[in-house]
Amino acid sequence: MSETIPVRLNWLLILPVFLLVLIGVLAIWSAGAPFTQRLISSSAETAGENIGSSPTAISVAAQIKNFLKIHVFKQLIFAVIGLVVFIFLLRINYYVIKDYSYLIYLFILGLLVLVIIIGRVTHGAQRWIPLGPFALQPSEFMKIAFVMALARFMMFKDNVKYMAYFIGPVLLTVIPMGLIFLQPNLGTTLIFLPTLIVMLFVAGARVKHILILIFTLLILFSSGYFFVLKEYQKDRIKAFVNPTRAPSSEGFQLIQSLVAVGSGGFIGRGWGSGESGATLFVPERHNDFVFTTISEEWGFLGSSFVLGLYLLFFLSALGSAYQTREPFGRLLISGLVTYLCVQTFINIGMTIGMAPITGIPLPFISYGGSSLLSSFIAAGLIVNVSLKQIPSFAQRDFE
Amino acid sequence: MSQRRIILLIVLIIGLLGILEVRLFSLQMISGSYYREQAQKRTTRIELIPALRGKIRDRHGRPLVQDTISFDLYLVPREVDDRVKLVKDLSLLLKTEPAKVESELLTLDLKLKTLAENKTPSQIKKITREHQRQIHKIFSNISFEVASEIESASDRFSGIIVKEKKQRRYLYQDLACHTVGYMKQMNETEYRDALAADYFRKGLVDSIDESLYHILLERGEFMDDQIGGIGVEKICNDLLNGRHGLKLIERDLVKKQQRELNRIAPEPGADIFLTIDLTLQKAVEDALKNKTGSIVVMDVNNGEILALASHPAFDPNKLQRPVLQETVNYMNDLKLAPGLNRVIGGAYPLGSIFKLITAVAALEEQKITTATSFNCDGYFSRSSKYFKCWVAEYQREHGMMNLENGIQHSCNVYFFNIGKNTGVDGIGKWARNFGFGQTSRIDLIGEKEGLVPDQPYHLGRHKKKWYLADTLNLSIGQGDLMVTPLQVCRMMAAVANNGSLVRPHVLKNQAQPRSNQGQPPVDNYLERKIDLLSQSLSAIKKALYKVVHESGGTAHGLGLDDLPVAGKTSTAQTGSTTAPHAWFAGFAPYDNPRFAFVIMVEKGGKGSAGAAVLAPEIITQALNIK
């Protein structure tokens, strides 16, 4: 651990993170705000009964406002906790953390097993470990732990020299994937393989080997679709392929989301004014579908701004990866950026009909403690690696 | 090498986010106005699918109360395409004259005209707009076939909305109304309490998301909810309640079509079985027709209420909205008090039936034996003409009386004497032992305790010491003593079953905890066993049989002779100018008692002519119950 904390922070990395979290809180707030206003008017309109103004209805409205503020409140608490962890991560040398990579990986793997054993049942899926008023979602942290373990394994180029050596990284990837799939959490499973491929690529594995691996995996997983996937998971994929014909509510969800995003237009309808009604019936309005709220309210300008922030963050991170000559750090950044980017792509993609609807949160923005915290940890690790380019540090290159 | 690969990765990421950006551009910039229009022209609405409330059935499963579904037709004027065609189609479907449909629509126009009277043009414009988009009921209680026809051809009937209406039907009107109860609108306080207790959340099936629940709550969807007012509807309210489902309806405002996007099915509530026997209940209600009073018939062994009637009664159907003013006035009439369950909530002077308690007390306190006799010359003492036997009215006397013929002839003088020997404390103790002065803990709400006077009470109430005169009054069931008909019935049951005080109940097999070691279920309908000497009750029972079956018995010759019934009449004074209450209580069959009964008619005159005459029908019917 070094006493000489470098003063040159990479603000191009840090600023996007803070802005994205702030946008997230605002969106979560507004996901609640129109709720109350809209419904009073709609009830008066459709029911033709003047109940919206009765004293009971007002007190109920107050209760609901209170209920929705809880989401904002909780998210702020998570943000503060995330920030503390973020700052803490800047104060240790990531190279020390490297030595604990496998240990952390095994620990989180244990938590995943624990989730399956004792995890409480929510939405038909076991994903959480109850922790007082909050609930821990180990799969969120598994993403980071698995990137660390892979980076640890592949930091020596010889470890990916031969096709046979792939068995290590593949096992490191497939075991947590399987456990998360059992929960069942299809969405989170999706981000592991692209991350593995990219990290193999960055680590210097031969392209031919990687292509063979991709091909093998494709065959395995497409057969898995027919034999392993549950009906509702198949429905989601079908809904993605053809939203208008899908039988379940998934297709409906997508259409409503498209209408909401599209109706945002160029400048949007303004903060807190989303009223296409689409998101009203999407239970994940503050959660997985938060981008719908953002793009409806802030239009093309706002959604492009959010995309720009992500791009800035990813490029700055990869810039650091480019500059560092230390392979663990480089692999770490590549892996973290890949999984965050895949997550961003799938989440935003699903709201605009370019990816299947899965329960993947939008990094830094979606409501949820585990997701926000793991995003902050990822950001902290990336910034940490970027700090070590300062010449006062010894540079080791294993290439 | 590795650095070049990072560059490739950068390109890949720019590409991925670029794809999203292009898609967003196409959605928001190119098709933005299209989607905005889409958002404006479509409304999606969540509708509750009300769950059916459970049925209330009699002991054999015959339904007394059930929910029925009916459909109402509503019109949204704004959405009507072609009025002439609509009128034609509707009249065809409803099999009525087009003129009838037309007149309903004209009524709506008239309504608008009335609303718009004496208003400024801008106000009129606003009122008209409101009117145009509101829903107006045009036909009630249409058939299921018509409703589904309209639902399935919504484009042909644009502007017409079918709404499902659930109604609680009390199949036999006022029959057993006090046991069954009624449904009533929640008031503000009840609504708030229910909200605090998460009552409405529990009324939804589990798969309904929390946010959807809040949408419904916010819309006031539950503000019209009804809850059980009294009786089983109230005490079993939560059990009877089903769990509502939901449907998601999308309406296209331009095409004026609607379709169901999603549906979560409701779960109906549980059925409740009563201990009431429908046939006997009918007989009992018939007996009380046009009278004020109550009748209760109870199984002597387990406390099951076989019939329970309190008159005047009310028809719970009429308490459903809209409630007529006439009904409100009737229910609020303090003199009639139709809402009062007189069986448990009416406290009355009892009169002679209480002599059974005096007799038991004297025997148990060993002040007399069954053979102890007293002479009745019409008066308790020569010095006081006030405490006299009822035969004195007819210038007669009973002569030597023992326990059996004392009860049979209901001889006051005999009971004055044994009452005097036993004293107020002894009588009071045994009255309480037999359940007077306390609630029976029946599973209905509104039960009164009644009153067994004792010396401290007397001192407090009348500021006087307890004198012999008060003991004499008490020993024939007069004075401050107050009882409910149910207490009398329970006492009769205890006499019949040799001293077991049961807990009356109207819910069958409810709250019967079963022990898990395979033992028979715990009988928690036995309140307590009364500790009695063996001979006292058998003597009293024999006497009760004679009351009905031997000449000189107060219930003899009233058409009960052929029935295996034992009982006692009572004529309870209510004041010097008003008619007395008529009582008849007993049990049957005499040899192996199955049920106890009480017939009580307010201001009904003598116990024999006012109450016992009603008994034959009821007992015949009750004996038929298997």
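The values are calculated or read from the model by the stated rules, or taken from the named source; none is laboratory data. Here the structure is a predicted model, which means the values were calculated and not measured. Neighbour counts are summed over all protein chains in view; Cβ atoms, including those assigned to glycine, are modelled from backbone coordinates with ideal geometry. Heads up: the accessible areas ignore ligands, DNA and RNA and are worked out on the full protein's heavy atoms, side chains in. Shrake-Rupley method; radii C 1.70, N 1.55, O 1.52, S 1.80 Å.
Summary table
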| read-out | value |
| --- | --- |
| All lysines inside 17 Å of A:Lys230 as judged from Cα atoms, apart from same-chain residues fewer than 8 positions distant | A:Lys238 |
| Förster radius 30 Å - calculated FRET efficiency between B:Lys335 and B:Thr68 (Cβ-Cβ, nearest 0.05) | 0.30 |
| Reach of B:Lys85 by Cα under 20 Å, taken over lysines that are not fewer than 8 positions away in the same chain | B:Lys95, B:Lys100, B:Lys137, B:Lys255, B:Lys256 |
| Cα-based equivalent ellipsoid of chain B: semi-axis lengths in Å, sorted from largest, via gyration tensor | 69, 29, 21 |
| Protection proxy ranking of B:102-115, B:168-181, B:6-19, B:309-322 - average other beta-carbon atoms within 10 Å, highest first | B:168-181, B:309-322, B:6-19, B:102-115 |
| Where Rh is the Kirkwood radius over Cα pairs, Rg/Rh for the range B:86-135 | 1.14 |
| 29 Å Cα-Cα reach of A:Lys74 towards lysines, excluding residues that sit fewer than 8 places from it in its own chain | A:Lys65, A:Lys143, B:Lys202 |
| Once the Cα gyration tensor of the range B:575-626 is diagonalised, semi-axes √(5λ) in Å | 26, 10, 7 |
| Average beta-carbon neighbours from other chains, 10 Å sphere, peptide B:30-37 | 5 |
| Average beta carbon contacts from partner chains per residue of A:262-270, 10 Å cutoff | 6 |
| Ordering of A:138-151, B:283-296 by burial proxy (mean other Cβ atoms within 10 Å per residue, highest first) | A:138-151, B:283-296 |
| Directionally averaged shadow of the range B:123-187, computed from the convex hull of its alpha-carbon atoms, nm² | 8.0 |
| Average beta-carbon neighbours from other chains, 10 Å sphere, peptide A:319-331 | 2 |
| Surface/4 of the Cα convex hull for the range B:301-374, nm² | 8.6 |
| Solvent-accessible ranking of A:Thr195, B:Thr189, largest area first, probe 1.4 Å | B:Thr189, A:Thr195 |
| Column: log10 I(q)/I(0), Debye, Cα scatterers of the range B:101-209, q = 0.15, 0.24 Å⁻¹ | -1.06, -1.21 |
| Cα-projected label distance for A:Met354 with B:Arg129, points at 7 Å along beta-carbon direction, nm | 4.0 |
| Burial order of peptide ranges B:380-388, A:77-85, B:436-444 (average beta-carbon count within 10 Å, highest first) | B:436-444, A:77-85, B:380-388 |
| Inter-label distance, nm, simple model (7 Å from Cα along the C-beta direction), B:Gln173/B:Ile445 | 2.7 |
| Helix axis angle, B:2-24 relative to chain B longest principal axis, alpha carbon, degrees | 80 |
